[in-house]
Amino acid sequence: MVEARVAQLTGLYAVSALGRGVDAQLAGVLAGVAAFGPVGRFDTAARRVTVAATLPEVGTLPDELAAAIDAACQGAGLDRAQRTGCALLLAVHGGPASGVGPAALASQLAARCGLSGHTRVYTSACVSASTAVADAAAQITRGDVERVVVAAGYLVESDQFALFDAGRALAVDGAVRPFSAGRRGLLLGDGVAAVVLESSAGRRRGVDPVATVVGWGRAGDAFHPCQPEPGGSGLARAVDGALRRAGLPPQAVGYVNANATGTAQSDAAEAAALRRALGGYATQVPVSSTKSVHGHALEASGLLELVVTALALRHGELPVNAGWLAQDEACPLNVVTNRPQETEATHALTLNAAFGGANTALLVGVG
Amino acid sequence: MHSDFAPVVVAVAQRCLRRGYGAAGVPAGVRTGIVLVSASGDLASARHVRETVEAGGRIGPLFFFQSVPNSVAGHLAARWDLRGPVVCLSPTGDPYTDGVAEANLLRDDGDADEVLLILIEQAPDGPTEAVAVLLGGGARP
């Protein structure tokens, strides 16, 4: 019998203001204590908002990415020789990162980490990393490649901070309150993550996969350069795609790590998308946005959130949606507040949306 | 205006779509993805932001709304009802080859029926150059 090709997550690593490594990420999102504080990395005197979720002792983006890739590969049990031929999909901001352009950064990382397969760099704003994961899963399941490393990084820096501040996107009350009444906007956060996605090769090496990416979807709103379509049609089609590829009904989804940034219109549009994609079940499935604790890691957000979603699902407790004040009637969802929720669910969605009306949905399974 | 990045993207893309579909636009039900490939990105705007931040100044809000290449892709998507995925890449090899590979993946994987591929480079001291190609669509010039 021919074994169906799957895209298993065999190695994970992440760094954020919650700490270093997967244990720190899981503990942080379950504790539900927001990691926002005054930015000391650059001058914020001219800004309306002066807080973000930053890790105090952080290296350069290239160094942090290289360390994350090495750690994920080690977690997957890949020695240097086994990384040969492995592809690298990288998600970073399109501008120069630490003085080096994105393509050069990808080339340097591949050389440093021993990955000699093809490289691709995604600069699709806040769906960069999740698009890379979807592409990696597609390439693996259709048999193009055996193994892909997806890496993503954003470390809070002065230029993007100034832009988000100028756009009045940052929460002036210093808290991210996804789906909650009284939400004021997003806050930025550090995020560097890497995952190894592979076919059943991991199992053949004796590695127990953390989770499997069983479905994915990418779709556009066709609505506005920066604002989401209020009815959530594009994001709903991305969720539809993820469920269709997995061959699962909405009721199989036991948790949604929402994109929800804490922005008024975006969170309401996402609630509408869930209603459209999941029907009445949208009011029952537990939902939270871990951006409420680790902040918005922009190009890296999709990978950091995939990591914490897979970890939480495997652990059996669902992350807290921090910053909650009260229900907003525009977001009629079952939001996980106050404390982590125990679960026996085997599947979870992690959603991302970006400028340009770009939407992605990743469906992960455990067990 | 600090940058011609977005206007040039719009100009080449609209010319391409008009040749492909004329005034009728993309047929209903066709999911057109957008793949925008650029090594430079919006260099002129990024430089303005860098210089303003360096000098301790405040940036105009418009720069936030056009701070990533997704924005102009979203503008095109809204105007032409392009409902496929939006993907922006920084090329690691030949830009056209990179873009076609991504477009083929989106089509073969089933999230797009066709892809509007846009290549754009903004030189520091030279003209901005861009190309748009519609890949996989039923209609052709």
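The values are calculated or read from the model by the stated rules, or taken from the named source; none is laboratory data. Predicted model only: the values in this text are computed from it and were never measured. Every residue, glycine among them, receives a Cβ derived from its backbone with ideal geometry; neighbour counts consider all protein chains shown.
Considering each residue of segment A:202-236, count those that are among the charged types (D, E, K, R) and more than 13 Å from every other protein chain (Cβ to nearest Cβ), and give that number.
4
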Of everything in segment A:170-203, what is surrounded by fewer than 23 Cβ atoms within 10 Å (Cβ to Cβ) and assigned to a loop (DSSP other than H, G, I, E, B)? Give them in sequence order.
A:A171, A:V172, A:D173, A:G174, A:A175, A:A181, A:G182, A:R184, A:G185, A:S199, A:S200
If you go through segment A:253-273 one residue at a time, how many are in contact with a helix residue (DSSP H, G or I) (Cβ under 9 Å, 6 or more places away or on another chain) and either surrounded by 23 or more Cβ atoms within 10 Å (Cβ to Cβ) or within 19 Å of A:Q341 (Cβ to Cβ) (or both)?
14
Kindly indicate which of A:G59, A:G11 is touching a residue at least 24 places away in the same chain (Cβ under 8 Å) and either outside the structural domain of A:L115 (by TED's automatic domain parsing) or more than 16 Å from A:G189 (Cβ to Cβ) (or both).
A:G11
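Being of a type outside the set (S, T, N, Q), farther than 18 Å from A:H347 by Cβ and in the same structural domain as A:A297 (by TED's automatic domain parsing) is true for just one of A:A271, A:A236. Which residue is that? Give the derivation first.
Details: A:A236 fails: farther than 18 Å from A:H347 by Cβ.
The unique qualifying residue is A:A271.
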In segment B:86-141, residue farthest from the chain's Cα centre (by Cα) [restricted to those that are surrounded by 18 or more Cβ atoms within 10 Å (Cβ to Cβ) and of a type in the set (D, E)]
B:D109
Of residues in segment B:12-52 being under 22 Å from B:A132 (Cβ atoms) and of a type in the set (S, T, N, Q), the one surrounded by the fewest Cβ atoms within 10 Å (Cβ to Cβ)
B:Q14
Show the residue pairs that are 6+ apart or on different chains and have beta-carbon atoms under 9 Å apart, the first residue being within segment B:61-76 and within 12 Å of B:V10 (Cα to Cα), the second being of a type in the set (S, T, N, Q) and part of a loop (DSSP other than H, G, I, E, B).
B:P69/A:T123; B:P69/A:S124; B:P69/B:S38; B:V72/B:Q66; B:A73/A:S124; B:G74/A:Q227
Just the residues that are hydroxyl-bearing (S, T, Y) and either under 27 Å from A:S124 (Cβ atoms) or touching a strand residue (DSSP E or B) at 6+ places or on another chain (Cβ under 7 Å) (or both), please, taken from segment A:284-343.
A:S288, A:S289, A:T290, A:S292, A:S301, A:T309, A:T343
Any residue that is more than 7 Å from every other protein chain (Cβ to nearest Cβ) and touching a helix residue (DSSP H, G or I) at 6+ places or on another chain (Cβ under 8 Å) - is there at least one of those in segment B:81-101?
no
Just give me the residues in segment B:53-80 being buried (at least 20 other Cβ atoms within 10 Å of the Cβ), at the interface with chain A (Cβ under 7 Å from one of its Cβ atoms), over 16 Å from B:V115 (Cα atoms) and more than 9 Å from the chain's Cα centre (by Cα), in sequence order.
B:V53, B:I59, B:F63, B:F64, B:S67, B:V68
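Looking for whichever is modelled with pLDDT of 95 or more, among the small types (G, A, S) and farther than 22 Å from A:L187 by Cα here; the options are A:A66, A:A81. Which one fits?
Working: A:A81 fails: modelled with pLDDT of 95 or more.
So the residue among A:A66, A:A81 that is modelled with pLDDT of 95 or more, among the small types (G, A, S) and farther than 22 Å from A:L187 by Cα is A:A66.
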Check off (1) within 14 Å of chain B (Cβ to nearest Cβ); (2) within 14 Å of A:C126 (Cβ to Cβ) for A:G189 and give me the number that stays unchecked.
(1)
Is there a residue being assigned to a loop (DSSP other than H, G, I, E, B), under 27 Å from A:F161 (Cβ atoms), at pLDDT 95 or above and of a type outside the set (F, W, Y) anywhere in segment A:339-349?
no
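Given the criterion within 19 Å of the chain's Cα centre (by Cα), within 14 Å of chain B (Cβ to nearest Cβ) and of a type in the set (V, I, T), identify the matching residue among A:V239, A:V293, A:V308.
Just a single option satisfies the conditions, and that option is A:V239.
Taking the options A:L333, A:L351, name whichever one is crowded, with 24+ Cβ neighbours inside 10 Å, over 17 Å from the mean Cα position of the chain (by Cα), of a type outside the set (G, A, S) and not assigned by TED's automatic domain parsing to the domain that holds A:A17.
A:L333
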All but one of (1) at pLDDT below 95; (2) in contact with a Lys or Arg (Cβ under 6 Å, 6 or more places away or on another chain) hold for A:A282; state the number of the condition that does not hold.
(1)
